[in-house]
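Below is one structure, written out as structure tokens; comments come after it.
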Amino acid sequence: MATILVTGAAGYIGTHTCIELFAAGHQVVALDNFSNSKPEAMRRVARIAGREPLFHRGDIRDRVALDTLFATHAIDAVIHFAGLKSVGESLSEPLRYYDNNISGSLTLLECMGRAGVRRLVFSSSANVYGDPHTVPVTESFPLGPTNPYGRSKYMMELMLRDLAAAEPAWRIGLLRYFNPVGAHESGLIGEDPHGTPNNLLPYISKVAIGKLEQLNIFGGDYPTADGTGVRDYIHVVDLAAAHVKTLQALEREAGVQTLNVGTGTGYSVLEMVAAFSRISGCAIPFRIVGRRAGDIACSYADPSLAHAVLGWRAQHDLDAMCRDSWRWQQGNPDGYPDD
Ligand code: NAD
Ligand code: WQD
């Protein structure tokens, strides 16, 4: 059993990871500033786990708060989710993104170093590959993010590698997530975007429940089997489990482990619409519109390195992703309630 600090714990991936950490017998110290989440999410985590995370409301850019947190708890490792994640927003507010994702992460690293905590799992993104041109994507593909969000992840990867090279006591997992979807099977926690969703699955489920009229499919002329974009959708519970496995791997492996976290299978937008419609029993009206700026045709992972290093593989198929997203959507049509 270890004590794990989870930053961004109240968010979509953070909540699901807290559950998996508890299930693996770990203690969870949770930190979030609720800039993109609500306190109710942490209460739901406690309800599902039957255990209370030690929650601190605070910001990763707050050095004093972090020093106090590390002085209060005997933290063994950090899983660092806190950050901003909208590609579109990052294009219009780049400095807010660099401040949160870079300055925030640097402050966290400094405080970790001061406290002698040198194990970290960092949320990177498939976005660092930019347009991969061929698939499946392996970790050795060239990196070339095309927006400030992706560049913030890329820069953090570079800094973390420099840090581990300078101070070999650091053990770091850089997990490049593909497209997380789905929700916990209890239906109590899930993705709760503010306003109109940017991402495909949250948008589809809002159309299915009748809160949005129809899906706009961004591009029907991509060089893919049906002309719509192809992505590697991964169930958030599988993604959460990969974090627990990464902590175990950092016990064995020194240095930096850079791993794709995906299923290895790509689905098109039309395939996602058909699957969600079949599982929910709801019609998903759609129309095909122009491409969204910055989108790529096709991206899916080669997840074999994660399997070799972590002994991890995604377990949930597309039906489970749709079923669990739909259960969360039906039970929480307006997301988490405000306090
Ligand atoms: P999320 O927005 O649901 O969760 C992030 C959490 O961090 C939120 O609860 C937010 O309130 C908190 N937070 C943000 N800035 C903070 C700060 N300065 N101090 C303290 N807390 C702060 O996002 P998510 O989907 O759970 O993503 C988690 C991480 O994974 C992010 O770093 C994101 O960039 C990365 N990621 C997400 C996806 C995705 O599609 N969801 C894909 C690849 C990578
Ligand atoms: C998926 C497919 C769209 C919405 C983004 C980030 C990535 C990662 C995950 C953080 C694409 C199409 C979507 C809609 C549509 N996040 N689509 N209509 O763009 O692969 O990845 O989220 O790290 O970094 O870039 O995910 O869910 O937005 O889109 O047709 O209303 O669905 O064109 O083909 P994306 P997405």
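The values are calculated or read from the model by the stated rules, or taken from the named source; none is laboratory data. A quick note: this is a predicted structure, and the numbers were derived from the prediction, not measured. All Cβ positions, even for glycine, are placed from backbone atoms using ideal geometry, and neighbour counts span all protein chains on display. Side chains included, ligands, DNA and RNA excluded: accessible areas come from the protein's heavy atoms. Shrake-Rupley method; radii C 1.70, N 1.55, O 1.52, S 1.80 Å.
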Any of LYS153/LYS206; LYS153/LYS245; LYS38/LYS85; LYS38/LYS206 with alpha carbons more than 24 Å apart? Name them for me. LYS153/LYS206
Highest-fluctuation residue, LEU31, LEU310, LEU54 considered, GNM on the chain with Cα pairs under 10 Å: LEU54
Can you tell which of THR15, THR224, THR258 shows the greatest fluctuation in a Gaussian network model of the chain with Cα springs below 10 Å? THR224
Report the full-extension gain for the segment MET1 to LEU305: residue separation times 0.36 nm, less the Cα-Cα distance, to one decimal in nm. 106.9 nm
Counting only residues 5 or more places away or on other chains, whose amide H sits under 5 Å from the amide H of SER125 once H atoms are built in the peptide plane? TYR177
Give me the 1.4 Å probe accessible area per residue for the chain, excluding ligands and nucleic acids, in Å². 41 Å²
How large a share of the accessible area of the chain, in percent, is made up of carbon and sulfur atoms when the probe is 1.4 Å and the other protein chains stay in place? 50 percent
The chain: most fluctuating residue of MET159, MET321, MET112 per GNM, C-alpha cutoff 10 Å: MET159
The range 133-175 - Rg over Rh from alpha carbon coordinates, Kirkwood radius: 1.04
Residues of the range 83-101 with backbone N under 15 Å of the label point set 7 Å from the Cα of THR146 along Cα→Cβ are 87-88, 91
Between ASP76 and ILE288, what's the calculated FRET efficiency when r is the beta-carbon distance and R0 is 35 Å? Round to 0.05. 0.10
Within the chain: Cβ-based charge dipole about Cα centre, in debye rounded to nearest 20 (Lys, Arg +1; Asp, Glu -1): 180 debye
Sort all Cα-Cα distances of the chain into consecutive 10 angstrom bins from zero, then give the percent of pairs in each bin up to the one containing the longest distance. 6, 26, 37, 24, 7, 1
Using only the Cα atoms, what convex hull volume per residue in Å³ does the range 198-339 have? 148 Å³
Taking a crude spin-label model, label points 7 Å out from Cα along the C-beta direction, the LEU91 to ARG51 distance in nm is 4.3 nm
Can you give me the distance in nm between label points at GLN315 and ARG43, each placed 7 Å from the Cα along the Cα-to-Cβ direction? 3.0 nm
Under 14 Å from the 7 Å Cα→Cβ point of GLN248, by amide nitrogen: which residues of the range 1-35? 1-2, 20-26
In order through the range 209-219: 3J(HN,Hα) via Karplus (6.51 cos²θ - 1.76 cosθ + 1.60), integer Hz, x for Gly, Pro: 7, x, 8, 10, 6, 7, 7, 8, 8, 7, x
Return the long-range amide H neighbours of ALA77 (sequence gap of 5 or more, or a different chain), with a cut-off of under 5 Å between placed amide H atoms. THR3, LEU5
How many angstrom lie between the Cα centre of the range 1-54 and the Cα centre of the range 245-317? 23 Å
Taking R0 as 56 Å and r as the Cβ-Cβ distance between VAL64 and ALA225, the FRET efficiency 1/(1 + (r/R0)^6), rounded to the nearest 0.05, comes to 0.55
Please give the direction-averaged projected area of the C-alpha convex hull for the range 185-272, in square nanometres with one decimal. 8.3 nm²
According to a simple spin-label model (label point 7 Å from Cα along Cα-to-Cβ), what is the distance in nm between THR138 and ALA169? 3.5 nm
Only helical DSSP H runs with n ≥ 4 go in: add -39500 (n - 2.57) per run for the chain, normalise by residue count and round the 222 nm mean residue ellipticity to 500 deg cm²/dmol. -12000 deg cm²/dmol
